[in-house]
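Here, each number is a calculation from the coordinates, and none is a lab measurement. Keep in mind that this is a model prediction, so the values were computed, not measured. When we count neighbours, we look across all protein chains shown, and the Cβ atoms used for this are built from the backbone with ideal geometry, even at glycine.
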Amino acid sequence: MNRTARQTISYLTHRFRDVGLEPNRRHGQNFLVDLNLIELLARSAKLKPNDVVLEVGTGMGSLTSLLAEIAAQVVTVEIDEHLYQLAQEELESFDNINMLHMDALKNKNHFNPLVLDALKTALEVSPDRQLKLAANLPYNVATPILSNLLICELVPTSLTATIQLELADRIIASPGSKDYGALSVWMQSLCECEIVRTLPPTVFWPQPKVDSAIIHLEQVIERRNAIPNLKFWHDYTRVIFFHRRKFLRAVAISAFRDKLTKPEVDEVLVSQNMTPQARSEQLSVETHLGLCEAFRQKLIALGKQEAFLL
């Protein structure tokens, strides 16, 4: 069976029927069945022959095979035992695919160490190898996969994936918009973020109830290096948007409880020219970066631990 015949609705329904299976909605199994869009996803990852690719959600291996035709190594992760076995059959002719049957995440904030170990092994083959993510991400893990990859010990140079359109809109949102929040600030502080293509439900099987998008995130190393404490910044982006409708002062007082007094919080806000009416959702990424560092320096000056109570 050649690659182009694999991931069509006809092929998938027959293949699933043959083995007595149905897509598992709990695992977010929605297969991209437009072959042109599968190829667009692969092209958008901008792979090179020395790249190591992480794919989360092997599915039937249609995208996996495209990635393996270009990259040095593909580490692909599938949580579903039945799909893992089916994909093994589909991909048996490739010798540069490492298939892992496991959950890619240890928990919502950390990657599975076994996945990271497999990526390390692949990257250590040559100092020229770079890590990239390319995946039709299961909707239920898209946010933690993308967010955590930017702070784990192995950071991809780019992340390309199909995700919910709602999530993609949040990633690229501008200050003051309804979608702007912690994820927007975190992603944009580290990456150039682009929606490559919006996708209707009809290009998936089974059809999801929402629109989707192919998104491409290109890491900007200069932005990353300019952030003095990445862990502190990551925590800041999450706590400062806990209560979107509250004034920034109230949110900051809550975030730094037991570490900074109200007058100390006010000192930081005044130093950054924050008005009493300022809200987190109105502030640019650059403003948040400055405010975050001002709070961190205040804690250092007071001899306090640089950590949030998360």
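For the pair Lys46 and Asp128, how long in nm is the line joining their label points, each one 7 Å along Cα→Cβ?
1.9 nm
Filter the chymotrypsin sites (Phe, Trp or Tyr not before Pro) in region 239-286 down to the DSSP loop ones having no more than 12 other Cβ atoms within 10 Å, then list what survives.
Counting only loop positions with at most 12 other Cβ atoms within 10 Å, the chymotrypsin sites (Phe, Trp or Tyr not before Pro) in region 239-286 are Phe242.
Please provide three numbers in whole Å: the alpha-carbon extents of the chain along the principal axes, with the largest listed first.
Principal extents (largest minus smallest coordinate, Cα): 69, 42, 28 Å.
What does the extension gain come out to for Asn109 and Thr13, with contour length at 0.36 nm per residue minus their alpha carbon separation?
31.1 nm
Going by how many other Cβ atoms sit within 10 Å of their own, how do His243, His216 line up, fewest first? If you can, show how the numbers build up before the last one.
Working: His243 15, His216 20.
Ranking His243, His216 by Cβ neighbours within 10 Å, fewest first, gives His243, His216.
Given a Förster radius of 45 Å and the C-beta distance between His101 and Asp266 as r, what FRET efficiency does 1/(1 + (r/R0)^6) yield to the nearest 0.05?
Efficiency, rounded to the nearest 0.05: 0.25.
I'd like the FRET efficiency for His243 and Glu81, computed as 1/(1 + (r/R0)^6) with the beta carbon distance as r and R0 of 45 Å, rounded to 0.05.
About 0.65, to the nearest 0.05.
Between Glu92 and Ile221, take the C-beta separation as r, use R0 = 45 Å, and let me know the FRET efficiency to the nearest 0.05.
After rounding, the FRET efficiency stands at 0.75.
How large is the charge dipole for region 87-200, taken about the Cα centre, if only the Cβ atoms of Lys, Arg (+1) and Asp, Glu (-1) carry charge, to the nearest 20 debye?
Values: 8 positive and 14 negative charges, 93 e Å.
Around 440 debye, computed over region 87-200.
Which one of Ala301, Leu289, Gln188 is farthest out on the positive end of the charge dipole of the chain, using unit charges on Cβ (Lys, Arg +1; Asp, Glu -1) and the Cα centre as origin?
The residue sitting farthest along the positive end of the dipole is Ala301.
Could you bin all the Cα-Cα distances of region 244-301 into 5 Å bins starting at 0 and give me the percent of pairs in each, rounded to whole numbers?
Each 5 Å bin holds this share of Cα pairs: 4, 20, 34, 29, 12, 2, 0.
Full-extension gain between Ile300 and Thr275, please, as 0.36 nm times their residue separation minus the C-alpha to C-alpha distance.
Extra length available between Ile300 and Thr275 comes to 6.6 nm.
Which loop-located GluC sites (Glu not before Pro) does region 135-220 contain, where loop means any DSSP state but H, G, I, E or B and the Cβ has at most 11 other Cβ atoms within 10 Å? Write down the numbers at each step before the final one.
Details: sites: Glu153, Glu166, Glu192, Glu194, Glu218; in loops: Glu153.
Here the GluC sites (Glu not before Pro) that fit, given the DSSP loop and packing criteria, are Glu153.
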